[in-house]
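Report on one structure; see the data block that follows.
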Amino acid sequence: MESFERRKERFAAPAPPPFHMTFETWLAEDRTAITIRPISAADLTLEQEFVNGLSPSTGYQRLMSARKLSLEELIRLTNIDTEHELALIATTPVLCREREIGVARYVKEGTCGEAEFAIVLSDDWQGRGLGSKLLASLIAAAKRHGVRRLFGMTMSTNEGMLALGRKLGFKVASDPGSATIKILTLDLAV
């Protein structure tokens, strides 16, 4: 069987450099320094550790499924097409090593300026202000890159995400096709 490192090399073609965005440093309320920056193909191991460290509840709310992500899916999440998408990760040093604690991303849909967004935080960073900061950074980057409207879906039971969306100005509506899904939208062109 092929090793993880060999599979990673085979699938991880070098991506173009991420959007020209400077790294941002944010101090959490407890004075923990957080770096917010674009994700890159070199972050595959960080992303894998992050996703594998999510609780079943957080993983389910984010992925709307209990399944684990494959290596190919993780590579796709880190080796992005910077013309059509952006992913910002939040990291902090833990034991002299970088640890991913959150990710927010958008993917442009078609040519009308709409983009679907998603955000997920590690369980130990939920409710500490990181979600607001990370999503606000994604919104600002989306505006700079011509996105006119962000939309996303979440479970109707995901009260944290619904509250975060409302706090940042997203409109929340029920999905007409599913009672268990809410749709969040934010117009950026106003």
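For the stretch 4-187, just say rounded, prolate or oblate: build the C-alpha gyration tensor, square-root its eigenvalues into a ≥ b ≥ c, call rounded for a/c under 1.5, and beyond that prolate if a/b exceeds b/c, oblate if not.
Judged from the Cα gyration tensor, the stretch 4-187 comes out rounded (a/c under 1.5).
Magnitude of the Cβ-charge dipole of the stretch 60-190, K/R +1 and D/E -1, about the Cα centre, nearest 20 debye?
Around 380 debye, computed over the stretch 60-190.
Each reported figure results from applying straightforward, stated rules to the coordinates on display, with no laboratory input. Predicted model, so just to flag it, every value in this text is computed and none were measured. Every residue, glycine among them, receives a Cβ derived from its backbone with ideal geometry; neighbour counts consider all protein chains shown.
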